[in-house]
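The values are calculated or read from the model by the stated rules, or taken from the named source; none is laboratory data. Worth saying up front: this structure is predicted, and the values here are computed from it rather than measured. Here the Cβ positions follow ideal geometry from the backbone for every residue, glycine too, while neighbour counts run over all protein chains shown. Areas reflect the complete protein model, heavy atoms only, side chains present, ligands, DNA and RNA absent. Shrake-Rupley method; radii C 1.70, N 1.55, O 1.52, S 1.80 Å.
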Amino acid sequence: MTEQDTRTQILLAATAVFAEKGFAKASMNDIVRASGLSKGGVYWHFKSKDELVTAVFDAFFAGQISYLDDILAGEETAQEKLLRFTHESAAALAELAAQFPSSLEFYALAARHDSLKEELSYYFYQYQERITGLIAQGIAAGEWRDVPAEETARTFISLFEGVLLVWSILPGTFALDQQLETAVTLFLSGLQANGGNIP
């Protein structure tokens, strides 16, 4: 088994344990048992539970950034790209939210641990940079009215985070993916250059 195979085995075990017990209640001993490896073998790759939490979410966010880059490289209009990203991301977030404990717990961890907060900050700026470019593309093409691109990108990201936060507080009261798409449709209606309708 290669080093990467071992790391992947540990991450899969950690993901299963976090999904079952939550971040706070899961222990490194639980993860060691689930991995089938020795304690030394697990600690060789990950020194703490926080490192494992960071690695699990790093894989998710890195995948989302890669997917966004693929969309941005396409030939669609800026609006089509944003709607496509919303649809696909909403589905991925709904799946992630069903698999893991409340995002409230995740944000609580991030508030207490600098390494996880730094990881979130890194991906926030990665998203912001790309969405800012997409907003600028839509403005330049005449799809959207002239608005501050960076501030508008932060607003778009905040919509996602806000809907996810409300869903975390009131799980089961609405469909996360549908609410995200509704929020973005309303957001886009405010960007329309000529008062047009969202397809």
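See the values below:
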{"quantity": "C-alpha long axis of helix 3-21 to longest principal axis of the chain, angle in °", "calculated": "80 degrees"}
{"quantity": "Degrees, to the nearest 10: 176-191 long Cα axis against longest axis of the chain", "calculated": "30 degrees"}
{"quantity": "In degrees, nearest ten, helix 78-99 long axis to first principal axis of the chain (Cα)", "calculated": "30 degrees"}
{"quantity": "Kirkwood hydrodynamic radius of the range 16-128, from inverse mean 1/r over distinct Cα pairs, in Å", "calculated": "15.7 Å"}
{"quantity": "Rel. contact order, % - alpha carbon contacts under 8 angstrom, at least six apart, the chain", "calculated": "21 percent"}
{"quantity": "Under the Karplus curve 6.51 cos²θ - 1.76 cosθ + 1.60, θ = phi - 60°, whole-Hz ³J(HN,Hα) for the range 45-51, x wherever Gly or Pro sits", "calculated": "8, 9, 6, 7, 5, 4, 4"}
{"quantity": "Relative packing of 13-22, 104-113, which averages over residues the other C-beta atoms within 10 Å, highest first", "calculated": "13-22, 104-113"}
{"quantity": "Additional length obtainable on full extension of the chain from residue 124 to residue 60, 0.36 nm per residue less Cα span", "calculated": "21.7 nm"}
{"quantity": "Helical mean residue ellipticity (222 nm; -39500 (n - 2.57) per DSSP H run of 4+; nearest 500) of the chain", "calculated": "-26000 deg cm²/dmol"}
{"quantity": "Solvent-accessible area, 1.4 Å probe, carbon plus sulfur percent, for the range 123-185", "calculated": "56 percent"}
{"quantity": "Calculated from backbone phi, Karplus (6.51, -1.76, 1.60) coupling profile of the range 150-161 in Hz, x at Gly/Pro", "calculated": "5, 5, 5, 4, 5, 5, 4, 5, 5, 4, 4, 5"}
